[in-house]
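Just below is one structure, and these are the notes that go with it.
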Amino acid sequence: MCYLYKNKETMLTKEKLNKSIINLPDSFTIDELIDQLIFIEKVEEGIRQSDEGKVVSNDDVKLMIDRWSK
């Protein structure tokens, strides 16, 4: 997998990497580390989107699901 970083907000820092490694078990695969890092990046991206008001209300989501299920 290759990820292109568009701005510094999505860049990986040593601090984030160290925190991720500390939270992993004593033995882990590279895939588990990558999964952990991707998860952290996606959560941070979601928080940024929320802070920027890029959200969808629960009611709007329910309407979308109703339309999709027909």
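With respect to the numbered conditions (1) modelled with pLDDT of 85 or more; (2) surrounded by 10 or more Cβ atoms within 10 Å (Cβ to Cβ), which one is the sole condition not fulfilled by L12?
Result: L12 fails condition (1) only.
Just the residues that are modelled with pLDDT of 90 or more and surrounded by 12 or more Cβ atoms within 10 Å (Cβ to Cβ), please, taken from the stretch 15-31.
F28
Provide a single number: the residues in the stretch 38-50 that are under 8 Å from the mean Cα position of the chain (by Cα) and either among the aliphatic types (A, V, I, L, M) or part of a loop (DSSP other than H, G, I, E, B) (or both). Break it down stepwise before answering.
Taking the stretch 38-50 as the starting set, the residues that turn out to be under 8 Å from the mean Cα position of the chain (by Cα) are 38-46.
So of that shortlist, the ones also either among the aliphatic types (A, V, I, L, M) or part of a loop (DSSP other than H, G, I, E, B) (or both) come out as 38, 40, 43.
Summing the residues that are under 8 Å from the mean Cα position of the chain (by Cα) and either among the aliphatic types (A, V, I, L, M) or part of a loop (DSSP other than H, G, I, E, B) (or both) in the stretch 38-50 gives 3.
The values are calculated or read from the model by the stated rules, or taken from the named source; none is laboratory data. Note that the coordinates shown come from a computational prediction; the quantities given were computed from them, not determined experimentally. Virtual Cβ from ideal backbone geometry, glycine too; neighbours counted across all protein chains shown.
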